[in-house]
Amino acid sequence: MFSKGQLVFAGFFVVIFITAIALSYRKDKRLHAIFYPGGSRKILIGFLLFVVLLFVLKFVLKE
């Protein structure tokens with residue numbers, strides 16, 4: 001399905017992308033604590049609940 005070169009590129013891309021995100025997060029960690037004192041957990045929980053609600057509505061309204 002994918003050539004060996006494409007899989008190697010995808011692997012390098014994923015590793016470098018995750019590394020860049022982790023480094024960026026570590027750099028901004030102090031600023032997040034100042035500007036978002038409640039943390040981002042509430043936002044994450046709200047987003048996940050919204051997605052679950054969409055799936056529930058999809059299955060309920062499908063009938």
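Being aliphatic (A, V, I, L, M) and either in contact (Cβ under 8 Å) with a residue 40 or more places away in the chain or outside any helix (DSSP H, G or I) (or both) is the filter here, so list the residues in the range 1-15 that pass it.
Of everything in the range 1-15, just one residue is aliphatic (A, V, I, L, M) and either in contact (Cβ under 8 Å) with a residue 40 or more places away in the chain or outside any helix (DSSP H, G or I) (or both), namely MET1.
Given the structure, is ILE21 among the β-branched types (Val, Ile, Thr), open to solvent by 100 Å² or more (accessible area, probe 1.4 Å), part of a helix (DSSP H, G or I) and out of contact with any Asp or Glu (no Cβ under 8 Å at 6 or more places or on another chain)?
So ILE21 fails the test.
Which one of the conditions (1) at pLDDT below 95; (2) open to solvent by 80 Å² or more (accessible area, probe 1.4 Å) does ASP28 fail to meet, given that it meets all the rest?
The failed condition is (2).
Could you list, in sequence order, the residues of the range 35-52 that are open to solvent by less than 90 Å² (accessible area, probe 1.4 Å) and either at pLDDT 90 or above or in a helix (DSSP H, G or I) (or both)? Talk me through it step by step, then tell me what you get.
First, the residues of the range 35-52 that are open to solvent by less than 90 Å² (accessible area, probe 1.4 Å): 38-40, 46, 51-52.
Hits for the range 35-52 are GLY46, VAL51, VAL52.
The values are calculated or read from the model by the stated rules, or taken from the named source; none is laboratory data. Computed from a predicted model, the values in this text were never measured in an experiment. FYI the Cβ positions are ideal-geometry reconstructions off the backbone, even for glycines, and counts take in every protein chain you see. For accessibility, only protein heavy atoms count, side chains too; no ligands or nucleic acids. Shrake-Rupley method; radii C 1.70, N 1.55, O 1.52, S 1.80 Å.
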